[in-house]
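Undergrad: Dropping a structure here in structure tokens format, bear with me for questions.
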Amino acid sequence: MTDRWAVQVEYQGTAYQGWQYQGPVKPSVQKHVESALSVVANESVKVYCAGRTDTGVHATHQIIHFDASADRPPKAWVRGGNAHLPDDIAFRRAVKVPLDFHARFSATQRQYLYCILNDPLRHGIGA
């Protein structure tokens, strides 16, 4: 039996070419997330997100979903996944959802916060 899971992901995107997988050479958040979930599921996992981010963009409440036949409690997806993620990507929570749920098409709202640093001197944090 296959279950569908929704997971809240947060990440600092400085080191990534955005959310979407872009081949083996360019680092992406999606690549790390799928790899971590695949280890927990003990099978290949493909994730779908509510909305992609660009190079260097951070996210705090990115919602993704995936299907897996592995019988795991929500805590196992979160903690097990986090054990296989780099320090700048983290799962915050996992919820079993109906099979017709889709992270992109079931979203009821999206919120974006744009911070522009307009300073002639460089900053060491958040640059």
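The values are calculated or read from the model by the stated rules, or taken from the named source; none is laboratory data. Computed from a prediction, not measured in an experiment: that's the story for all the values here. Positions of Cβ are backbone-derived with ideal geometry, glycine not excepted, and every protein chain shown enters the neighbour counts. In case anyone asks, the SASA skips ligands and DNA or RNA and just uses the protein heavy atoms, side chains included. Shrake-Rupley method; radii C 1.70, N 1.55, O 1.52, S 1.80 Å.
Undergrad: With the requirement that a residue be over 20 Å from P73 (Cα atoms), touching a Phe, Trp or Tyr at 6+ places or on another chain (Cβ under 8 Å) and charged (D, E, K, R), what does the stretch 11-53 give you?
TA: Result: K31, R52.
Undergrad: Hey, can you tell me all the residues within the stretch 86-113 that are of a type in the set (D, E, K, R) and closer than 24 Å to H32 by Cα?
TA: If the condition is that a residue be of a type in the set (D, E, K, R) and closer than 24 Å to H32 by Cα, then D87, D88, R92, R93, K96, R104, R110 are the ones that fit.
Undergrad: Yes or no: L37 assigned to a loop (DSSP other than H, G, I, E, B) and either more than 14 Å from the chain's Cα centre (by Cα) or not hydroxyl-bearing (S, T, Y) (or both)? Please lay out each step first, then the result.
TA: Numbers: assigned to a loop (DSSP other than H, G, I, E, B): no; either more than 14 Å from the chain's Cα centre (by Cα) or not hydroxyl-bearing (S, T, Y) (or both): yes.
Spelling it out, it is not the case that L37 is assigned to a loop (DSSP other than H, G, I, E, B) and either more than 14 Å from the chain's Cα centre (by Cα) or not hydroxyl-bearing (S, T, Y) (or both).
Undergrad: Tally up the residues in the stretch 74-85 that are open to solvent by 60 Å² or more (accessible area, probe 1.4 Å) and assigned to a loop (DSSP other than H, G, I, E, B), please.
TA: Total satisfying the criteria: 1.
Undergrad: How many residues does the stretch 1-33 contain that are in a helix (DSSP H, G or I) and in contact (Cβ under 8 Å) with a residue 24 or more places away in the chain?
TA: 6
Undergrad: Residue by residue through the stretch 72-106, note down the ones that are more than 15 Å from the chain's Cα centre (by Cα) and among the aliphatic types (A, V, I, L, M).
TA: Residues satisfying the conditions are A76, V97, L99.
Undergrad: Only residues that are assigned to a loop (DSSP other than H, G, I, E, B) and aliphatic (A, V, I, L, M): list them for the stretch 92-127, please. Break it down into steps so the answer makes sense when it comes.
TA: Start the filter on the stretch 92-127 by keeping residues that are assigned to a loop (DSSP other than H, G, I, E, B), which leaves 98-127.
Listed by number, the residues that qualify are L99, A103, A107, L113, I116, L117, L121, I125, A127.
Undergrad: Being of a type in the set (D, E, K, R), under 22 Å from C115 (Cα atoms) and exposed (fewer than 13 other Cβ atoms within 10 Å of the Cβ) is true for just one of D100, D88, D54, D71. Which residue is that?
TA: Going through D100, D88, D54, D71 in turn, the sole match is D54.
Undergrad: Residue check: is H61 open to solvent by 20 Å² or more (accessible area, probe 1.4 Å), outside any helix (DSSP H, G or I) and either within 21 Å of F101 (Cβ to Cβ) or in contact with an Asp or Glu (Cβ under 9 Å, 6 or more places away or on another chain) (or both)?
TA: So H61 passes the test.
Undergrad: Something else now. So which residues in the stretch 20-48 are buried (at least 20 other Cβ atoms within 10 Å of the Cβ) and either touching a strand residue (DSSP E or B) at 6+ places or on another chain (Cβ under 7 Å) or closer than 22 Å to Y114 by Cβ (or both)?
TA: Selection gives S28, V29, Q30, H32, V33, L37, A41, V45, V47.
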